[in-house]
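The values are calculated or read from the model by the stated rules, or taken from the named source; none is laboratory data. Computed from a predicted model, the values in this text were never measured in an experiment. Cβ coordinates were reconstructed from backbone atoms using ideal geometry, including for glycine residues, and neighbour counts include every protein chain displayed. In case anyone asks, the SASA skips ligands and DNA or RNA and just uses the protein heavy atoms, side chains included. Shrake-Rupley method; radii C 1.70, N 1.55, O 1.52, S 1.80 Å.
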Amino acid sequence: MAEKKTLIVEQYGSPIRRDKVQRATLIGLGLNKMNKQRELIDTPEVRGMINKLPHLVRVIGE
């Protein structure tokens, strides 16, 4: 079985004064505090969530 690609995502923006949908998307990614990092499987769903929050998260490793 092939190894799945992963992304390392870091939250660098604050969720304070953000819409509920944006906060829920952060929680869905496993983030909710500044400078927190998560390693996530690279899927279209995860990429879409990251693309909705370019002002709050960044991909630091692939």
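Given a cut-off of under 8 Å on Cα pairs at least six residues apart, what relative contact order in percent is computed for the chain?
Contact order relative to length: 52 percent.
Would you please give the residues with an amide H less than 5 Å from that of T6, counting only those at least 5 places away or on a separate chain, with H modeled from the backbone geometry?
D42
Amide H neighbours of L53 under 5 Å, counting only residues 5+ apart in sequence or on other chains, H built in-plane at 1.01 Å?
So L53 has HN proximity to no qualifying residue.
In what order, largest first, do K20, K4 sit by accessible area if the probe radius is 1.4 Å?
K20, K4
Would you mind working out the magnitude of the charge dipole of segment 1-61 relative to its Cα centre, with +1 at each Lys and Arg C-beta and -1 at each Asp and Glu C-beta, to the nearest 20 Debye?
Using only the charged Cβ atoms, the result is roughly 300 debye.
Compute the label zone of E39 within segment 5-25: residues whose backbone N is under 20 Å from the point 7 Å along Cα-to-Cβ.
Of the residues in segment 5-25, 5-12 have backbone N under 20 Å from the label point off E39.
With a 1.4 Å probe and every protein chain left in place, work out the accessible area per residue of the chain in Å², rounded to a whole number.
Computed with neighbouring chains in place, this is 74 Å² per residue.
I'd like the Karplus ³J(HN,Hα) series for segment 56-62: coefficients 6.51, -1.76, 1.60, θ = phi - 60°, whole numbers in Hz, and an x wherever there's a Gly or Pro.
My calculation for segment 56-62 gives 10, 10, 9, 8, 9, x, 10 Hz in order.
Find how much the distance from K52 to Q22 grows on full extension, using 0.36 nm per residue of separation minus their present alpha carbon separation; answer in nm with one decimal.
10.0 nm
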